Amino acid sequence: SRMTSHALHNLMEQCSDVFIMGHEIPDLDCIGASLGLCACARHIGKKAYLVVDHPNPSIAALMERVAAVDAYANAVLTGAEAGMRIGSSSMLIIVDTQLANFTVAPSLIGLVDTVVVIDHHLRGTNTIENTALTYHEPYASSACELVTEILQYFGEVRPLSVDLDALLCGITIDTKGFSFNT
């Protein structure tokens with residue numbers, strides 16, 4: 001996780017901005033990991049965007065909290081909005097899935113030169129190819145666990161309280177209250 005964190009830091013420094021998306025119908029693990037990575041981007045002065053097309057009841061309360069935070073003003077985009085803002089010098093980070101057709105907006109993958117995948121699910125067929133960095137650890141309980149590991153080596157990152165709450169929620173949900181895969 002230390003080497004991955006340093007590699008992600010270097011890749012983020014070289015990009016113009018960062019777009020983070022997860023799987024369709026995102027859950028707390030997906031959103032929590034995304035918010036943790038937004039904190040990393042903010043730490044090095046990069047604008048980060050969270051790509052979420054259809055918020056659902058499982059993340060509604062969290063997304064309301066995110067909307068109330070100044071750091072996330074204009075940072076939550078639909079896939080179509082992201083498609084209009086993203087450029088080849090942008091970085092696209094995909095969390096909690098490694099399957100292109102299971103992401104919020106698969107078309108974004110072809111619009112950037114730098115794609116990063118962070119996932120804890122078992123590797124299947126049709127995984128995203130030609131990534132600049134893949135952090136795949138199926139032993140991990142959640143994508144939030146992997147992002148938490150990245151955070152500790154990324155530098156003096158100061159996540160917001162909503163970021164930390166979301167990371168904890170994601171880990172709690174995917175471990176079934178710290179009783180499974182811990």
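Observations on the model:
- Residue in the range 145-163 that is surrounded by fewer than 15 Cβ atoms within 10 Å (Cβ to Cβ) and at positive phi present: yes
- Of the residues making up the range 80-104, those that are open to solvent by 10 Å² or more (accessible area, probe 1.4 Å), more than 19 Å from Cys144 (Cα to Cα) and of a type outside the set (Val, Ile, Thr) are Ala80, Glu81, Gly83, Met84, Arg85, Gly87, Ser88, Ser89, Ala100, Asn101.
- With a requirement of 2 or more residues that are within 14 Å of the chain's Cα centre (by Cα) and modelled with pLDDT of 95 or more, the helices (runs of 4 or more DSSP H) lying completely within the range 1-78 that satisfy it span 2-14, 28-43.
The values are calculated or read from the model by the stated rules, or taken from the named source; none is laboratory data. In this text the structure is predicted, and so the values were computed from the model without any measurement. Cβ sites come from the backbone with ideal geometry, for glycine too, and all protein chains shown count toward neighbours. Accessible surface is based on the protein model in full, side chains and every heavy atom, while ligands, DNA and RNA are left aside. Shrake-Rupley method; radii C 1.70, N 1.55, O 1.52, S 1.80 Å.
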